[in-house]
Amino acid sequence: MTYYLPQGRGEQDSGMAGEIIIHPTTQNARLPALIAEAGDGAAKRFFEFFTANIRNPNTRAAYAQAVAQFLRWCEERQLSLRAIEPMVVAAYIETHPGSDPTKKQHLAAIRMLFDWLVTGQVIPVNPAASVRGPKHVVRKGKTHVLSVEDARKLLDSIDTSNVVGLRDRALIGVMVFSFARIGAVVGMRVEDYYQNGKRWWLRLHEKGGKFHEVPAHHNAEAYLDAYLEAAGIGEDRKTPLFRSAVGRTKTLTPRALRRNNALDMVKRRALKAGLSDRICNHTFRATGITAYLEAGGTIEKAQQIAAHESPKTTKLYDRTQDQISLDEIERIAI
């Protein structure tokens with residue numbers, strides 16, 4: 001079954017595991033059977049949930065995927081919308097094959113959808129309200145982190161004799177030296193790299209529509225200057241800063257680079273540099289924070305640079321204690 005939802009900034013046209021197609025609303029929009037059977041009011045409320053209630057495109061795509069799986073599961077069991085009870089939601093979560101974080105996310109999406117349907121007077125009560133998800137406590141993130149030496153090795157391995165290489169080095173450099181998320185970086189425009197006094201700054205488009213401004217590290221500044229000069233887009237202030245390329249022609253398009261293309265680039269560059277295939281876009285956020293803390297930085301300042309709401313979130317990226325010295329192991333005197 002296909003669900004058509006409005007496309008937000010930075011979203012991709014497709015690719016959600018064959019279940020969700022992020023696409024502008026059209027006359028051919030198809031609804032889940034459970035929603036369609038509940039009438040026009042339910043259909044309207046269903047689309048409003050994704051269009052008016054969820055503004056973040058990443059959350060919208062993730063919740064759309066979660067809702068699609070749950071509704072298909074209910075359809076296979078020939079349930080109607082009003083027949084869904086807490087036991088049904090609990091059974092779905094209990095038998096879900098995903099990890100605990102995935103189960104918690106799916107439960108959150110289901111609970112929010114039914115809350116929206118209740119307030120829209122489509123159904124009387126929320127069957128997911130009383131369902132408890134699995135416990136999941138995280139004290140350290142799982143994102144792969146590069147050492148300072150490997151991060152430098154990766155940056156130095158990039159061929160900068162062409163504009164695409166300069167773009168890739170600048171993009172990775174911005175993520176490392178500003179702790180920025182990939183979505184914030186690919187969302188930048190040329191004007192978001194700007195001079196303030198004697199220093200150059202970065203304006204990042206963070207989650208929730210927030211702007212986060214940080215000074216540009218001198219290395220990031222050098223990478224960006226070289227890229228902008230080669231690309232010749234320094235005066236096109238309202239256009240995307242990091243642009244997609246035309247195949248392997250080493251030429252750029254006017255369009256912004258997508259996150260999935262940035263991930264492909266990162267993995268390709270990492271393998272070419274002889275590094276782990278576990279490296280992803282988020283690796284550079286974790287790498288930058290860890291390198292900063294290893295150099296004597298504080299969690300509080302790292303939180304400020306990373307634009308985290310809580311220092312607990314920043315602490316997840318701290319891998320300074322990962323390396324256990326051989327001397328400490330040898331203290332086990334057996």
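With respect to being touching a residue at least 60 places away in the same chain (Cβ under 8 Å), of a type outside the set (Phe, Trp, Tyr), surrounded by fewer than 19 Cβ atoms within 10 Å (Cβ to Cβ) and in contact with a Ser or Thr (Cβ under 9 Å, 6 or more places away or on another chain), Val164 falls outside the description.
Of all the listed residues (Gln105, Gln69), the sole one being under 29 Å from the mean Cα position of the chain (by Cα) and within 27 Å of Glu206 (Cβ to Cβ) is Gln105. Per the conditions (1) touching a residue at least 24 places away in the same chain (Cβ under 8 Å); (2) surrounded by 15 or more Cβ atoms within 10 Å (Cβ to Cβ); (3) over 17 Å from Val163 (Cα atoms); (4) not polar (S, T, N, Q), the sole criterion not satisfied by Leu241 is (3).
Criterion applied to Ile35, Ile54 was being of a type outside the set (Phe, Trp, Tyr), in contact with a Lys or Arg (Cβ under 9 Å, 6 or more places away or on another chain), at pLDDT below 90 and open to solvent by less than 50 Å² (accessible area, probe 1.4 Å), and the one residue passing it is Ile54.
Does Pro254 qualify as being open to solvent by 60 Å² or more (accessible area, probe 1.4 Å) and of a type outside the set (D, E, K, R)? Yes: the conditions hold for Pro254.
Taking the numbered list (1) free of Cβ contacts under 8 Å to residues at least 60 places away in the same chain; (2) assigned to a helix (DSSP H, G or I); (3) in contact with a helix residue (DSSP H, G or I) (Cβ under 9 Å, 6 or more places away or on another chain) in turn, Gly133 passes all entries but (2). Those strands (runs of 3 or more DSSP E) of the stretch 188-246 that lie entirely within it include none in which at least 2 residues are in contact with a Gly (Cβ under 6 Å, 6 or more places away or on another chain).
The values are calculated or read from the model by the stated rules, or taken from the named source; none is laboratory data. Note that this is a predicted model, so its numbers are computed, not measured. Every residue, glycine as well, gets a Cβ built from its backbone with ideal geometry; the counts of neighbours run over all protein chains shown. When the accessible area is computed, the model is the full protein with side chains, heavy atoms only, and any ligands, DNA or RNA have been set aside. Shrake-Rupley method; radii C 1.70, N 1.55, O 1.52, S 1.80 Å.
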